[in-house]
Structure formats: structure tokens, C-alpha cells
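Notes follow the structure.
The values are calculated or read from the model by the stated rules, or taken from the named source; none is laboratory data. Everything quoted here is computed from the prediction, not taken from an experiment. Every residue, glycine among them, receives a Cβ derived from its backbone with ideal geometry; neighbour counts consider all protein chains shown.
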Amino acid sequence: MAKKVLVVDDEKLIVKGIKFSLEQDSMEVDVAYDGETALELVKENSYDLLVLDLMLPKIDGLNVCQQIREFSTLPIIMLTAKGEDMDKIMGLEYGADDYMTKPFNILELKARIKAVLRRTHAKETEKDNHGLQIGSLKLDFDSRRVFVEEKEINLTAKEFDLLELLAMNPGKVYSREKLLDVVWGYDYPGDVRTVDVHVRRLREKIEPNPSDPMYIYTKWGVGYYFKD
């Protein structure tokens with residue numbers, strides 16, 4: 001079945017170029033030129049992926065991304081004309097799955113789109129139910145919500161992705177490099193310290209005693225794994 005993509009950018013030539021290129025790969029493409037229209041289309045239609053510009057009229061890309069994450073796990077690739085690392089990090093922390101800085105090569109964008117779609121498909125095929133309960137920790141995959149002792153815990157998109165991957169594969173040790181590749185993508189500009197920071201934050205949020213974890217364990221010299 002053809003993948004359906006929504007492309008949102010106020011630069012019509014960019015939208016036209018992306019649309020033409022994706023249609024050459026047999027994808028169905030809808031377009032929008034402002035954030036308000038983008039939100040309406042996402043609510044009214046079923047898409048496999050969203051290509052979303054950061055700077056948009058009416059509602060900016062980060063706001064659009066944040067609002068979508070309140071009701072959908074739709075994969076999002078953020079486009080930004082800004083080069084500051086903080087903007088890139090913010091884009092990901094607000095729930096984007098990847099980002100590209102303008103100007104970009106259309107072939108690289110297509111490669112990123114296919115990579116995100118592959119990761120999304122892999123996650124979907126791994127799930128044999130709608131959630132996971134381990135002790136007092138509960139994960140709801142559909143809503144991407146996490147609860148500890150019935151109290152909802154606020155996780156960022158990447159924190160949830162990391163926890164989901166580890167929890168779905170108990171006992172499997174992942175190296176920092178592997179986690180960086182699977183959760184952030186092979187071309188993420190950060191380093192393995194990003195993984196350590198996210199694991200530390202996760203432990204602070206879900207572990208009764210972060211210094212003596214009962215869910216996420218460290219395999220010294222190797223990486224991390226979830227309790228078996």
C-alpha cells in the first residue's frame with residue numbers, strides 16, 4: 001500500500017519539489033502552507049509521515065508538532081532554516097522524529113523519510129498488544145503515556161522511544177551506539193553521551209531509587225538493558 005505523506009512549508013517551490021520527488025516513489029502526497037491547515041489535515045486524514053517546516057504562518061512548526069503529539073504518534077520530520085543546535089534539539093524534544101536543515105538535498109530527505117518509515121514499521125510489528133505492565137510501571141503504546149503507581153509521568157518523545165525499545169526487549173543489552181542509531185537515527189549529530197543523559201532522566205522519572213534502579217540496568221562497559 002502506498003505511503004501517504006503530508007508536506008507543510010510556506011515556500012511553495014520547496015513543497016512542489018518534495019511532492020514531485022515523493023510521488024516519483026509512488027507515495028501519496030498532500031500539502032499545506034501554514035500550521036493551522038496542517039493541524040486540520042492531520043486530524044481529518046490518516047498519514048504515514050509528516051514533513052513539517054519550523055517557521056510557518058499562523059501556527060509555527062514546534063507548536064504544530066506539540067499539538068499533534070497530544071493525540072497522535074504520527075512520525076514527523078522537521079525542516080528548519082536555522083542552524084543552531086538548540087533549535088534542532090528542541091525540534092526533537094517537542095516530539096519530532098528527525099530533522100533536516102535547509103537547504104537540503106532532496107535525495108537525503110527521501111532517505112530520511114524512508115528510514116523513519118522503516119523504524120516506525122519495525123516498532124509496530126514488535127507490538128503484540130496496546131501496552132505493557134511491569135510492576136508499578138505501565139506503558140500505553142497507543143497514547144504514548146507512562147504511569148508509575150497509577151500516576152502519569154511526563155516523558156519527552158525520545159525518552160518514551162528509549163523506554164519503549166528497552167521494555168519491549170527485556171534482558172537484551174544495547175550498546176550506547178546501537179541505542180543512538182535506533183532511537184535517534186544513524187545520522188543524529190550528537191554523541192553517545194546523549195544516551196547517558198536520557199537514561200539518567202528516565203531513571204529519575206520512573207525509578208523509585210534512581211541510584212539503585214529496578215527497571216533500567218547498566219551493563220558496565222557495554223550499555224543498557226531492561227529487567228528480564
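Numbers for the structure displayed
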item	result
Pair list, Cβ under 9 Å, 6 or more apart: region 214-228 residue surrounded by fewer than 11 Cβ atoms within 10 Å (Cβ to Cβ), other residue small (Gly, Ala, Ser)	Asp228/Gly171
When residues of region 169-192 are limited to those that are at pLDDT below 85 and of a type in the set (D, E, K, R), the one nearest to Arg145 (Cα to Cα)	Asp181
Test: residue in region 150-169 that is part of a helix (DSSP H, G or I), closer than 18 Å to Gly131 by Cα, touching a residue at least 24 places away in the same chain (Cβ under 8 Å) and more than 19 Å from the chain's Cα centre (by Cα)	no
Residue count, region 170-185 (criterion: outside any helix (DSSP H, G or I) and not charged (D, E, K, R))	6
Tally of residues being more than 17 Å from Pro208 (Cβ to Cβ) and either part of a loop (DSSP other than H, G, I, E, B) or among the acidic types (Asp, Glu) (or both) across region 135-149	5
Selection count, region 186-217, where residues are among the β-branched types (Val, Ile, Thr), closer than 24 Å to Gly131 by Cα and outside any helix (DSSP H, G or I)	1
Answer residue from region 18-57, given it is among the small types (Gly, Ala, Ser) and closer than 17 Å to Lys114 by Cα and is surrounded by the fewest Cβ atoms within 10 Å (Cβ to Cβ) among those	Ser26
